[in-house]
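The values are calculated or read from the model by the stated rules, or taken from the named source; none is laboratory data. Since the model is a prediction, treat every value here as computed from it, not as a measurement. Ideal geometry is used to build each Cβ from the backbone, glycine not excepted, and the neighbour counts take in all protein chains shown. When the accessible area is computed, the model is the full protein with side chains, heavy atoms only, and any ligands, DNA or RNA have been set aside. Shrake-Rupley method; radii C 1.70, N 1.55, O 1.52, S 1.80 Å.
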Amino acid sequence: MNARHLASDETHLASDETLAGFASGRLDEGMALVVAAHIELNPASGRSLRDIEAIGGGVLAQGEAVAMLSSAEDALARIEASGDAVASASEGSGEAGLPRVLAPYELGKWRPIGRGVAMRRVHVPGAEARVFMLRAAPGMWLPEHQHTGYEWTTILAGAYEHQYGRFARGDFDEANEDHEHHPHVDPVEGCTCIVALTGEVRFKGWLGRLLQPLVRL
Amino acid sequence: MVSAPDPKADLLRNAGMFATLETGFQTSTPVLAGARKGSIAVPMDADALVQAIASSADRQAFARLFDHFAPRVKGLLMRGGAPADLAEEIAQEALMTVWRKAALFDPAKASAGTWIATIARNLRIDHARREKRSRMSKVFEILDEESPEQPDQVVSGSERDARVRAALTGLSKDQYRVVELAFLEGFSHQDVATRLSIPLGTVKSRLRLAMAHLRRHLEDLR
């Protein structure tokens, strides 16, 4: 079994390693966005994120200080010079039914890519990963595929199932190299998910051939 | 408007810094700053200082927060590899953000120290990706607003943070370094292994032990 699945196989949560990469801001923004959607939809990972942030606060408190060249008065003078930029409320709440973390990003239109499957691009400027949403009709088999990089998925609605278990709304599916899978979409609810991909993906079958040029984006 | 510097406030501040350097700093448990000097005892409660900024634009509270946290944010960023001038700039901006957003601070979610660490993190991301039009700090803001109310939560975020801090002091030096690199710097386990020139399995086992230790301290909060 793939090592990446050992830690969170039961719960389908993001691993501590992934959450820490997210919390530090070191993850690629495309991968980070899929993790953010998972955190928004899954309170357990939300709590883990806050624990990790608390560790960050603890390390800050205990870390070595380096003397500042500027003073508190300098900072206050800069604040006054810049006018009272009051904390801005976050922009529009985005599209109904989608995670709010997607609101800052431009979304493409849903495009059918064969019978029962549609995709929608998520534009993440500067990201290395390609990010898109995928919507599949009940009972579909998503194309069997293999990748050289990472494929991280957060389920937004419905569910799918493959050899590592059943993944439903809010679950996180973290797959990497040499991980081959063939998800079966829930026969009643269908499935909508958001996916971030790095590296090459090799699809098999007719749907795969349709998807292949699209995921290269 | 800048109020005249109050020499007594400076004295308190300096006394506070001494106490801090010697004893470490707990945001939610008031530390008797200056207690070692015998004469002045002022509780240094960072949560209360942020709230004083929110309620009355308290410049003295800001100065105490600045003097405590700005040098630590700077040190943290420099340990993470930032050049000194960038670390200085981000540390100053982080404290400016504390002033501007003080009204949004909620000690039920996190202590002031943790809040300031996340502000510094967001600024670091913004600086690193400015030219790429990153939206990540927006995403973090949204998640922060989203964080669900937890009526069953026994203690506040500040209390949880104090426990994490206490637990951190119980880690061995080796465990602490691995935690710092993995959880604060966000390096993958493989990158941590490379940086410390130790086997990947050692990184994983140290992290596992450290996390088990930290989680034990938080167990009853779940």
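Before moving on, here are some points about what is shown:
- Between B:E145 and A:R169, the C-beta separation translates, for a Förster distance of 22 Å, into a calculated FRET efficiency of about 0.60.
- Shown are A:R100, B:R160, whose ranking by accessible area with a 1.4 Å probe and every protein chain present, most to least, is A:R100, B:R160.
- Separation in nanometres of the label points that stand 7 Å from Cα toward Cβ, at B:A48 and A:E80: 2.7
- Which of A:Y105, A:Y164 is most accessible, then next, and so on - probe 1.4 Å: A:Y164, A:Y105
- Label-to-label distance, A:T148 versus B:L196, with points set 7 angstrom from Cα along the beta-carbon direction: 3.2 nm.
- Once the Cβ-Cβ distance of B:A108 and A:R202 is raised to the sixth power relative to R0 = 56 Å, the FRET efficiency obtained is 0.70.
- List B:E93, A:E174, ordered by accessible area with a 1.4 Å probe, largest first: B:E93, A:E174
- Around B:A212: net Lys/Arg minus Asp/Glu count, Cβ-Cβ under 12 Å: +2
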